[in-house]
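J.: Below: one structure in C-alpha cells.
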Amino acid sequence: MSHNRAVESSTRILILGVDSSGRILQFDRNAAAVLAPNGDDLHGTDLDELIPGAREPLMEALKAGRERTAMLAVDNPEGGMLDAVVTVHPMSGATPDVVALAVVRVPVPLADRFVDPAVIRRALLDDALPRIGSTLDLEMLSRGLMDVLVPHFCNAGALLLVESHIDADAPPDGPDGPQMRRMAIGFDDDDPAWDATFPTGESLVFPEGTPHALCLGSGEPVLRSLGRDGAAGLAAVWRRPPVAELLKGASMLLLPITSQAGVLGFFACTRNAAHRPFDAYDVEIGMEFANRASIFIESARQYSRERATALTLQRSLLPTGLSAPSPVEVNHRYLPGSRLIEVGGDWYEAIALPGARVALVVGDVAGHGVKAAVTMGQLRTAIHTLAGLELPPAEALDRLDSLMRSLGEREPHFATCAYVVYDAVSGRCEVASAGHLPPLLVPPGAASEFLPVPPSPPLGVGGDGPIVSREFTVEDGTVLFLYTDGLVENRARDIDDGLDRLQATFGPGAAARPLDDLCQAALDGVYDDQHRDDIAMLVARLARIPADHHATWELPCEAAAVRRARGLVRDRLARWGLEEMAHSTMLLVSELVTNAIRHAGGRITLRLVREGGLVCEVFDTSDGHPRIRHHDGEMTESGRGLHVVGRLARRWGVRRTSTGKVVWCEQELP
C-alpha cells in the first residue's frame with residue numbers, strides 16, 4: 001500500500017516579538033531563515049507585510065487580552081505560498097515595547113525536510129510516538145511507526161521482525177539465518193514498485209554479508225551509502241532487479257530493535273539522492289526512536305502471543321462436532337468477543353445419549369481471559385461426564401454447582417447454564433437452568449415463547465434449595481434456541497430490548513426456516529459493537545424418530561414375562577429384518593427383565609429402539625442401582641446377568657426416572 005503523505009505534517013515554529021503597531025522587534029533564527037532567506041533584517045518590518053492579515057488577530061488579542069489564532073498564507077522562499085497557523089499571545093511585564101508574541105507554524109519545505117534536527121526530533125519522538133504506543137495490535141502499531149518514519153525521517157522505509165519472536169509456532173532459525181517478516185512499509189513518492197518489490201507480510205531471510213544480516217547479528221545500527229553499485233549489488237543478492245533502481249544513490253540506515261529477548265528486528269530507512277544523506281546525528285535520533293519503539297513492539301509482541309495462546313486454548317476447548325439422534329437437526333454459532341474482550345467463557349454442547357435422546361447445553365462463565373476459558377473447559381468436561389452418567393438436568397446442574405463452589409475456594413467463580421434433554425421417542429423435553437436466560441421455543445405454526453423455567457442461582461453462588469427442572473412435550477418440527485447474554489445485552493441496549501428483538505427474529509414461519517439462516521438472523525446487528533461479549537448459540541429442530549423404529553410393551557412382574565419378552569423381541573426384529581441379532585438380543589432382554597422382576601417388583605416396561613444402534617430398555621419402579629459384584633475373585637450369583645450384558649452389549653447403563661429407573665444396553669447394527 002502506498003503511504004504518500006503531505007509534508008505539512010512536519011512543521012517549523014517561528015517566533016516574532018511585535019509592538020502595538022505591529023512592527024517586529026524580536027525574532028528567532030527560524031523566523032529569519034524562513035521569512036528573510038536573503039539575509040534581510042526583520043527588525044522594524046511590519047508583521048502585516050510578511051504575513052498578510054496578521055494585524056487583525058494582533059489587534060484582537062491586544063484588545064481582549066487573550067490569544068488569538070488565524071490561518072494565513074506566507075510567501076514560500078522556493079516560490080508559491082505556504083499555509084501558516086499564526087497564534088498571537090499578549091505580553092505584559094516583559095520588554096516594554098514588545099506587547100505580543102506571534103508564534104507562526106509553517107510546513108517545512110520539501111527540500112529542507114531532513115535539514116533541521118529539531119524538527120526531525122520533535123516529529124519522531126514528541127508528536128506521534130506517544131499516541132501510537134497506546135495500541136497493542138502489532139500490525140496496527142507497525143503501520144503507525146512507519147507513518148512516523150516516513151516522511152519525517154526518510155523517503156522510504158520498512159519494519160522487519162524476526163518470525164520466531166512473533167509466532168511461537170514458527171520454525172527455528174535455519175542455517176542461512178533467522179526468518180524475517182516485513183510488517184509494514186512506507187514511501188512518499190506514490191511509486192507502486194515499492195509495494196511490488198517489498199510486499200508487506202513477506203517472509204524472507206537476508207543473505208550473509210548484507211548490511212541487514214550485519215545489523216541482526218550485531219544489534220548495532222548500520223549506515224551505508226549505496227550509490228549505483230551498492231544498490232545493484234543488493235538487487236543481485238536478493239534477485240530483485242527493481243531494487244537497483246529504487247535504491248540507486250540512496251543513503252540507507254538500519255536501526256536495530258532490541259529487548260530482553262534479543263534482537264527483535266530492525267527499521268530499514270532510506271533517503272534518496274535528492275535529500276541530505278544520513279549522518280551520525282541521524283543515527284543518534286534514529287536509535288532513540290528505535291529504542292522507544294522497541295518498548296511498544298515488545299509489549300505488543302507479548303500481548304499478541306498471549307492473546308494467540310488464550311484464543312487457541314479457548315477454541316480447543318469448544319466442541320469440534322455435535323451429535324444428536326438422526327431426526328434432530330442441530331446447528332450452532334460461536335462469535336468471539338470484540339478485540340477489546342475476545343477471549344471469554346461461553347460454550348455449547350449437543351451430546352447424543354442412548355435411546356434416541358440428546359442433551360443440549362449452553363453455558364457462560366463470568367469474566368474474560370484465560371481463567372474464564374480454563375473454567376469453561378472444566379465445566380465442559382464435567383458436563384460430558386454427567387451426561388454419560390445420564391443424570392437428569394436438574395441433578396446434573398446441582399453437581400456442576402458443587403464443582404464451581406469447590407473451584408471457588410481458591411478463587412471466586414460462577415457461571416450460568418441451561419441444560420435440556422430431549423427424548424426423540426416420546427417427544428418429551430426436560431429443562432433446567434442455573435441463572436441462565438430462558439430458552440426460546442418456536443413451535444411450528446405458532447408464536448415463539450420464552451420457556452418459564454423455575455429460576456435458580458448461577459453455578460457457584462449457592463442457593464437455599466435444589467435446582468428444579470420442568471418437563472413438557474413438544475410437537476415435531478419445534479425449534480429450540482439456547483443462547484448466552486452477549487446476544488441480547490450490550491452497553492447501549494437494555495436486555496429486555498434484546499430479548500424482544502430475538503423473539504421478533506423467531507417470528508411467524510421461523511420454525512420452517514433453515515437453522516443456518518436463523519443463526520445468521522439472530523447475529524444481525526451485533527458485529528458493530530466494539531464492546532461485544534462473546535456469544536454462544538445452539539439451535540435444534542426437534543422431531544421424533546419414526547413410529548416403526550421403536551416398540552414399547554408393558555410386562556407383569558412375574559417369571560412368565562421373561563418368555564413373553566423374548567417372543568416380542570424376536571417378532572419385532574424379524575419385522576425390522578434383523579433376524580441375525582435375535583439370539584443375542586433375546587438373551588440380553590432375558591437378563592434385564594429377570595433383573596427387574598427379582599429386584600424391583602411392580603409393573604415393568606420393555607422398550608426397543610432402533611436409532612444409531614439397537615437399544616433395549618427396561619423400566620421399573622425401583623430406584624436401586626444394579627451393579628456387577630465380585631467376592632474373593634468370584635462373581636456372586638447376584639450380578640451374573642449384568643456380567644452377561646456387559647459381555648454381549650457394546651455398552652450398558654442405568655438412568656433414574658421420576659418413577660424409578662431404566663436399565664439399558666446397546667448393540668451395534670449390522
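J.: Grab the Cα-Cα distance for A560 and A33, subtract it from 0.36 nm times how many residues apart they are, and report the gain in nm with one decimal.
T.: Using 0.36 nm per residue and subtracting the Cα-Cα distance, I get 178.0 nm.
J.: Now for a separate question. Nearest 500 deg cm²/dmol is fine: what mean residue ellipticity at 222 nm does the chain get from its DSSP H runs of n ≥ 4 alone, each adding -39,500 (n - 2.57), divided by its residue count?
T.: The helix contribution divided over the chain gives -9500 deg cm²/dmol.
J.: What does the extension gain come out to for S203 and R105, with contour length at 0.36 nm per residue minus their alpha carbon separation?
T.: Extra length from S203 to R105 when fully extended: 31.1 nm.
J.: Do any cysteines in the chain lack another Cys Cβ under 4.7 Å, and if so which?
T.: C215, C417, C429, C519, C557, C616, C665, each lacking another Cys Cβ under 4.7 Å.
J.: Which value, in Å² and to the nearest 10, is the accessible area of R603 when all protein chains are kept and the probe is 1.4 Å?
T.: Surface accessible to solvent at R603 totals approximately 130 Å².
J.: Could you give the accessible area per residue of the chain, probe 1.4 Å, as a whole number in Å²?
T.: Result: 45 Å² per residue.
J.: Follow-up. Testing the spin-label approximation: label points 7 Å from Cα along Cα→Cβ at T381 and V644. State their distance in nm.
T.: Result for the modelled spin labels: 3.9 nm.
J.: I'd like the distance between the alpha-carbon centres of the range 465-493 and the range 400-462, rounded to an integer number of Å.
T.: Result: 7 Å between the Cα centres.
J.: Which trypsin sites (Lys or Arg not before Pro) does the range 359-421 hold that lie in a coil by DSSP with at most 13 other beta carbons within 10 Å?
T.: R410
J.: Given a 1.4 Å probe and heavy atoms of the protein chains only, how would you sort D500, D48, largest accessible area at the top?
T.: Sorted by accessible area, descending: D500, D48.
J.: Tell me, what % of the accessible area of the chain is carbon and sulfur with a 1.4 angstrom probe?
T.: Percent of accessible area from carbon and sulfur atoms in the chain: 51.
J.: Given points 7 Å out from each Cα along the Cα-Cβ axis, report the W553 to D137 separation in nanometres with one decimal.
T.: 6.8 nm
J.: Which of rounded, prolate or oblate describes the range 464-504 when judged by the alpha-carbon gyration tensor and an a/c cut-off of 1.5?
T.: Taking the square roots of the gyration eigenvalues as a ≥ b ≥ c, the range 464-504 is oblate.
J.: Next up: Can you tell me how the range 111-265 classifies by the Cα gyration tensor, rounded, prolate or oblate, using a/c under 1.5 as the rounded cut?
T.: oblate
J.: While we're looking at this one, here's another question. Using a simple spin-label model with points 7 Å from Cα along the Cα→Cβ vector, what separation in nm is obtained for V85 and D464?
T.: For the pair V85/D464, the computed spacing is 6.5 nm.
J.: Next up: What figure in square angstrom, to the nearest 10, would you give for the accessible area of M140 with a 1.4 Å probe?
T.: 100 Å²
J.: I've got another one for you. Suppose R0 equals 22 Å; then what is the FRET efficiency for A118 and R66 from their Cβ-Cβ distance, rounded to the nearest 0.05?
T.: 0.15
J.: Quick check on the chain: take the gyration tensor over C-alpha atoms, sort the square-rooted eigenvalues as a ≥ b ≥ c, and tell me if it's rounded (a/c under 1.5), prolate or oblate.
T.: Prolate, because a/c is 1.5 or more and a/b exceeds b/c.
J.: Expressed as an acute angle from 0 to 90° and rounded to the nearest 10, what is the orientation of the C-alpha long axis of helix 495-505 relative to the principal long axis of the chain?
T.: So the helix axis and the longest Cα principal axis differ by about 70 degrees.
J.: Using R₀ = 30 Å, calculate the FRET efficiency as 1/(1 + (r/R₀)^6) where r is the Cβ-Cβ separation of T621 and T320; round to 0.05.
T.: That pair, T621 with T320, gives E of 0.15.
The values are calculated or read from the model by the stated rules, or taken from the named source; none is laboratory data. Every value quoted in this text rests on a predicted model; they were computed, and no experiment measured them. Quick reminder, even Gly has a Cβ in these numbers, built from the backbone with ideal geometry, and neighbours come from all protein chains shown. Ligands, DNA and RNA are stripped out before the accessible areas are found, and what is left, the full protein with its side chains, is counted by its heavy atoms. Shrake-Rupley method; radii C 1.70, N 1.55, O 1.52, S 1.80 Å.
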